[in-house]
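The values are calculated or read from the model by the stated rules, or taken from the named source; none is laboratory data. What you are looking at is a predicted structure, and each value in this text was computed from that prediction instead of being measured. Please note: Cβ atoms are built from the backbone with ideal geometry, for glycine as well, and neighbour counts cover all protein chains shown. Heavy atoms of the whole protein, side chains included, go into the accessibility calculation; ligands, DNA and RNA do not. Shrake-Rupley method; radii C 1.70, N 1.55, O 1.52, S 1.80 Å.
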Amino acid sequence: MNKRTQRLLLDWLIAVVLAIAIGYVASFSDYTRGLFLVSLIWLALRHGPYPTLLAGFVAGGVLKFLISRPDYWVDAVVYGSFPILFVALAGLFARNTQRTLNNKRLSSTYLNITTASVLVSLVWHLLRFWLIPLVLDAPSPIGIQDVSFWVSAVLSALVSAGVLCLMAQSKASLIIPKRTKYLTRRETSSLLND
């Protein structure tokens, strides 16, 4: 196993454990339900959509079991794992985020991070609390017309964007791993980028 794979597995484990821990604590309030998305968005911006799909599936299933203890594993997949799979949408912004951050164009980096955070937060909230209960004709803990739905969506987007922008500003290596697949050797060469 090479260093890049080891780093990916370590980042994946960190993101999943943080998502489960934050998600469990945040589940006690209707206003903070989406805060766990920040660690998964970080993984998506760092390594792309594919590792994030698996991380979201695992974190969502475990969170659903910890929070509501469903009778059937299908409930854990439909309500827990399926909506979180869409956190991989943030991975579509990984290449541009890493390139703009590497070139020290911070305003473009912030725009990419904020767009990814807003998109993921909104899609997750709409799927989890509106579309899936609507399709399955099941009750939802909070509805789309509730204030707590919108507060949770906006709060999770703002916290995710804020934390990830601060990480990018303070230390670029928190967003850009060594030997990333999104940057060429020429772009990461210290001789050319002094």
Would you call Leu66 over 16 Å from Leu127 (Cα atoms), hydrophobic (A, V, I, L, M, F, W, C) and surrounded by fewer than 17 Cβ atoms within 10 Å (Cβ to Cβ)? yes
Would you tally the residues in region 117-160 being outside any helix (DSSP H, G or I), open to solvent by 20 Å² or more (accessible area, probe 1.4 Å) and under 18 Å from Lys64 (Cβ atoms)? 4
Answer yes or no: is there a residue in region 76-92 that is more than 17 Å from the chain's Cα centre (by Cα), at pLDDT below 90 and surrounded by fewer than 17 Cβ atoms within 10 Å (Cβ to Cβ). yes
Between Ser148, Ser156, Ser160, which is in contact with an Asp or Glu (Cβ under 6 Å, 6 or more places away or on another chain) and of a type outside the set (Val, Ile, Thr)? Ser148
So in region 1-19, with the set limited to residues that are in a helix (DSSP H, G or I) and without any contact (Cβ under 8 Å) to a residue 24 or more places away in the chain, which one is farthest from Asn102 (Cα to Cα)? Val17
Quick one: is Ser140 over 14 Å from Ala161 (Cβ atoms), among the small types (Gly, Ala, Ser) and over 12 Å from the mean Cα position of the chain (by Cα)? yes
Residues of region 93-102 satisfying the condition of being over 14 Å from the mean Cα position of the chain (by Cα) and either small (Gly, Ala, Ser) or open to solvent by 50 Å² or more (accessible area, probe 1.4 Å) (or both): Arg95, Asn96, Arg99
